[in-house]
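*Asks:* This structure is in structure tokens; I'll ask about it shortly.
The values are calculated or read from the model by the stated rules, or taken from the named source; none is laboratory data. Given the structure is predicted, the values throughout are model-derived calculations rather than measurements. Here Cβ is always computed from backbone atoms with ideal geometry, including for glycine, and neighbour counts include all displayed protein chains.
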């Protein structure tokens with residue numbers, strides 16, 4: 001389907017037009033670039049991409065020290081939890097290391113959890129983002145703008 005009036009793709013079209021596998025690879029590569037810590041992912045997922053995601057999709061956990069509280073700052077991001085279709089994806093800072101976990105969820109209850117490499121977590125996140133973009137025209141346009149940045 002061709003472009004509509006506002007420059008987005010028509011209903012049902014994939015964000016890149018190359019198909020779901022290419023969209024997932026492109027999103028994962030964009031997320032992977034220059035992002036080595038939880039705080040970076042938190043900024044991306046709650047900032048630029050946050051506008052494209054349905055409300056409540058991303059939760060960021062912060063660690064606030066006394067200085068942060070006194071200054072009214074939110075603190076340092078130490079975890080990012082993304083609620084997807086039937087699964088939750090969590091990225092958590094533990095000391096200098098970053099741990100990734102994929103949880104299967106049914107009826108709001110975690111039925112299994114598995115630690116994965118950050119690379120696998122990014123692929124899972126890109127799959128979920130691609131599904132959201134395929135269902136939601138506004139999200140699709142926001143992802144396209146973000147990928148062109």
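*Asks:* Could you tell me whether residue 30 is in contact with a helix residue (DSSP H, G or I) (Cβ under 9 Å, 6 or more places away or on another chain) and modelled with pLDDT under 80?
*Replies:* In short, yes.
*Asks:* Restricting attention to segment 52-61, does a residue exist that is over 25 Å from residue 134 (Cα atoms), in contact with a strand residue (DSSP E or B) (Cβ under 9 Å, 6 or more places away or on another chain) and either at pLDDT 80 or above or surrounded by fewer than 17 Cβ atoms within 10 Å (Cβ to Cβ) (or both)?
*Replies:* Yes, segment 52-61 contains at least one residue that is over 25 Å from residue 134 (Cα atoms), in contact with a strand residue (DSSP E or B) (Cβ under 9 Å, 6 or more places away or on another chain) and either at pLDDT 80 or above or surrounded by fewer than 17 Cβ atoms within 10 Å (Cβ to Cβ) (or both).
*Asks:* Right, something else. Taking the options 100, 124, 42, name whichever one is surrounded by 14 or more Cβ atoms within 10 Å (Cβ to Cβ) and touching a residue at least 40 places away in the same chain (Cβ under 8 Å).
*Replies:* Going through 100, 124, 42 in turn, the sole match is 124.
*Asks:* In segment 98-149, how many residues are out of contact with any strand residue (DSSP E or B) (no Cβ under 6 Å at 6 or more places or on another chain), assigned to a helix (DSSP H, G or I) and closer than 24 Å to residue 77 by Cα?
*Replies:* 12
*Asks:* For segment 78-97, indicate whether the set of residues that are surrounded by 15 or more Cβ atoms within 10 Å (Cβ to Cβ) and not in a strand (DSSP E or B) is non-empty.
*Replies:* Yes: segment 78-97 contains one or more residues that are surrounded by 15 or more Cβ atoms within 10 Å (Cβ to Cβ) and not in a strand (DSSP E or B).
*Asks:* Related question: Being at pLDDT 85 or above and at positive phi is the filter here, so list the residues in segment 81-140 that pass it.
*Replies:* Passing the criteria: 86, 107, 108.
The rows are residues; the columns are (1) farther than 21 Å from residue 122 by Cβ; (2) within 10 Å of the chain's Cα centre (by Cα).
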position	(1), (2)
50	no, yes
56	yes, no
67	yes, no
70	yes, no
75	yes, no
82	no, yes
91	no, no
96	no, no
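*Asks:* Determine which single condition residue 85 fails, assuming it passes every other condition in (1) under 15 Å from residue 41 (Cβ atoms); (2) touching a helix residue (DSSP H, G or I) at 6+ places or on another chain (Cβ under 8 Å).
*Replies:* (1)
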